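Rule-based calculations on the coordinates, nothing more; no lab input. Predicted model only: the values in this text are computed from it and were never measured. Please note: Cβ atoms are built from the backbone with ideal geometry, for glycine as well, and neighbour counts cover all protein chains shown.
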């Protein structure tokens, strides 16, 4: 349902909604926001609400800290619960400079800028992410709530009830769910979102992550989107299905092609593969992300594509007759702790670069890549994703594509934050080192 500003003011008054939450994200994709009272709502909708941007990760320095949060009325939704008897609503905000021009450090603006570029070329960008996560006993431990496996169904587990409550909350917020299930690792779960245009999907991802964690908190447990919280089992990914539409038709579909892929789809995929190393730091942006991206745990490491092979970086789901609009590619390296606005923008721009450069897609790799030797992979020209955050940051730092998409200032701030995290990590002495080397050395 679409609302006008007057509609929103009327709904808040008539339903006695007490709290208006204004949300946005920082450069790392952490949900930020503040609440206003109903009396401030008319002003907020007309003029926005000023705030100190210097306290937000990756935003302005203190000497130029004033920013404005302008509510996007198209994102207006009632929250699906009461808080101490108070009912609230939520809107995402566009971040503006004091003169009301778009703030170039706003991840939402960065994504919209890339979408506008695609639109000039006649394309609409659709994505459908699959976000995996873990339920844990609390935030201080990695004690699982169940010991199920892929597609497990157990009436004695608490997790299915948690998923059901989460889906109820998600659907009350206007988000469409395709299906949900237990994932491979103990206490690991997945709720898949119905594909939509990338700008609205990025908002949806932020809302979804909030709801998953909030429902778990209300039930006395903890949900985490940390990519690899538990040693020795699969980590959590965010496989992103994506396609371009043009003139109302799926630009990735070609009935005459043996794989049903158009030249547009092939060049787009070639662009993703070409720039995978450069954009990886934004798709997997945490030190912990690279504990997931290792061989043997269903996470991609080698830069290749295939139709069925899930060890490849890009998978092309097999075409089903009559479902031309479902033709898409699936990028498997992003994790659910990324900033979805920046991740979607870089995927789109890498694919568009492939189209603009008229890149040719190499033949698919059908065999299990983990079974190929290093020499065999080298002979076939199959490269690796970065093996750690430091290596990924090096690729991003030198990338003209990443600099163009993010802007030089935003890229510099991102790199400063992430190099700081890497430095803090690399000087740690871990329990593994103590156990392994202290008795020996």
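Could you state, as a whole-number percent, how many of the C-alpha pairs of the range 379-422 are farther apart than 17 Å? The answer is 38 percent, as a whole percent. Measuring between their Cα centroids, the range 1-54 and the range 172-226 lie 23 Å from each other. GNM on the chain, alpha-carbon springs under 10 angstrom: the most fluctuating residue among 134, 76, 344 is 76. Comparing 261, 121, 211 in a Gaussian network model of the chain where C-alpha atoms under 10 Å apart are linked, the largest mean-square fluctuation is found at 121.
Rg and Dmax of the chain, both derived from C-alpha coordinates alone, stand at 22.2, 72 Å.
Taken along the Cα-to-beta-carbon direction at a fixed 7 Å, the label points for residue 141 and residue 357 span 5.0 nm.
Note on the chain: helix-only mean residue ellipticity at 222 nm, from DSSP H runs of 4+ residues weighted -39500 (n - 2.57) and normalised by residue number, equals -10500 deg cm²/dmol.
Across the alpha-carbon set of the range 5-99, the Rg to Rh ratio works out to 0.99, Rh being the Kirkwood radius.
Two numbers describe the Cα atoms of the range 160-208: Rg and Dmax, which are 11.3, 33 Å. Given a 10 angstrom Cα cut-off, can you work out which residue in 420, 88, 128 is the most mobile in a GNM of the chain? In the Gaussian network model the winner is 420. Take every Cα-Cα distance within the range 191-270, group them into 10 Å bins from 0 onward, and report for each bin the whole-number percent of pairs it holds. It works out to 14, 31, 27, 19, 8, 0, in whole percents. Each Cα pair under 8 Å and six or more residues apart adds its sequence gap; the mean of these over the residue count of the range 247-324 is a relative contact order of 18 percent. Normalised by the number of residues in the range 5-99, the average gap of Cα pairs under 8 Å and 6 or more apart makes the relative contact order 30 percent. Between the alpha-carbon centres of the range 250-293 and the range 110-126 there is a gap of 17 Å.
The relative contact order of the chain, computed from alpha carbon pairs under 8 Å that lie at least 6 residues apart in sequence, is 14 percent. In the range 112-432, the DSSP beta bridges split such that about 90 percent are antiparallel, to the nearest 5. Sorted largest first, the spans of the alpha carbon positions of the range 240-392 along the three principal axes are 42, 35, 27 Å.
Computed from the alpha carbon atoms alone, the convex hull of the range 261-324 holds 99 Å³ per residue.
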